[in-house]
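The values are calculated or read from the model by the stated rules, or taken from the named source; none is laboratory data. Keep in mind the model is a prediction, meaning the values are calculated, not measured. Note: ideal-geometry Cβ built from the backbone for every residue, glycine included; neighbour counts use all protein chains shown. What goes into the accessible areas is simple: the full protein's heavy atoms, side chains included, and nothing from ligands, DNA or RNA. Shrake-Rupley method; radii C 1.70, N 1.55, O 1.52, S 1.80 Å.
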Amino acid sequence: MTDDLEDSILSIFEASLDAQLRAVRRLRHGETAAAPRSRKGPSQVDMAYDVLKKAHTPLHVSELLARIRSSFGITVDRESLVSSLTKKVARQDRFLRPDKNTFALRSEPR
């Protein structure tokens, strides 16, 4: 067996055993499950909604990402945001897609 392959296999076993040891230690200290994650802030969709509401105009995804970054201090994954907003558009939920990679808000019913 080559040294690289042997090192890789040993690294895998080490990582596996380390994870098992941490699980045993958690159980020993009475922790039954991982603590539930709390939301730290607005979702990507909520941030996009806020940005579009302030803009009062459709925005290309590049501009939307830049404004989310400047307003919220968070870098959002482009594909993830486009996917999320496209699903909202398909459900007719808050968003429109007036042009390629451009999103706008639906007019709110009065």
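Tabulated results
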quantity: Candidate set: the range 42-56, residues that are assigned to a loop (DSSP other than H, G, I, E, B) and either at pLDDT below 80 or on the phi < 0 side of the Ramachandran plot (or both); chosen: the one surrounded by the fewest Cβ atoms within 10 Å (Cβ to Cβ); calculated: Ser43
quantity: Members of the range 5-25 that are open to solvent by 70 Å² or more (accessible area, probe 1.4 Å) and either of a type in the set (A, V, I, L, M) or touching a Lys or Arg at 6+ places or on another chain (Cβ under 8 Å) (or both); calculated: Leu5, Leu10, Ile12, Leu17, Leu21, Val24
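Conditions (1) touching a Pro at 6+ places or on another chain (Cβ under 6 Å); (2) aliphatic (A, V, I, L, M); (3) modelled with pLDDT of 95 or more; (4) over 30 Å from Ala23 (Cβ atoms), marked per residue:
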residue: Ala34; (1), (2), (3), (4): no, yes, no, no
residue: Lys40; (1), (2), (3), (4): no, no, no, no
residue: Ser62; (1), (2), (3), (4): no, no, yes, yes
residue: Arg67; (1), (2), (3), (4): no, no, yes, yes
residue: Lys100; (1), (2), (3), (4): no, no, no, yes
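Every residue, every condition in (1) without any contact (Cβ under 8 Å) to a residue 12 or more places away in the chain; (2) more than 17 Å from the chain's Cα centre (by Cα), yes or no:
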{"position": "Leu64", "(1), (2)": "no, no"}
{"position": "Val82", "(1), (2)": "no, no"}
{"position": "Ala90", "(1), (2)": "yes, yes"}
{"position": "Phe103", "(1), (2)": "no, yes"}
{"position": "Ser107", "(1), (2)": "yes, yes"}
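For every residue, the table says whether it meets (1) open to solvent by 80 Å² or more (accessible area, probe 1.4 Å); (2) acidic (Asp, Glu); (3) at positive phi.
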{"site": "Gly73", "(1), (2), (3)": "no, no, yes"}
{"site": "Val76", "(1), (2), (3)": "no, no, no"}
{"site": "Ser80", "(1), (2), (3)": "no, no, no"}
{"site": "Ser84", "(1), (2), (3)": "no, no, no"}
{"site": "Lys88", "(1), (2), (3)": "no, no, no"}
{"site": "Arg91", "(1), (2), (3)": "yes, no, no"}
{"site": "Phe95", "(1), (2), (3)": "no, no, no"}
{"site": "Lys100", "(1), (2), (3)": "yes, no, no"}
{"site": "Ala104", "(1), (2), (3)": "no, no, no"}
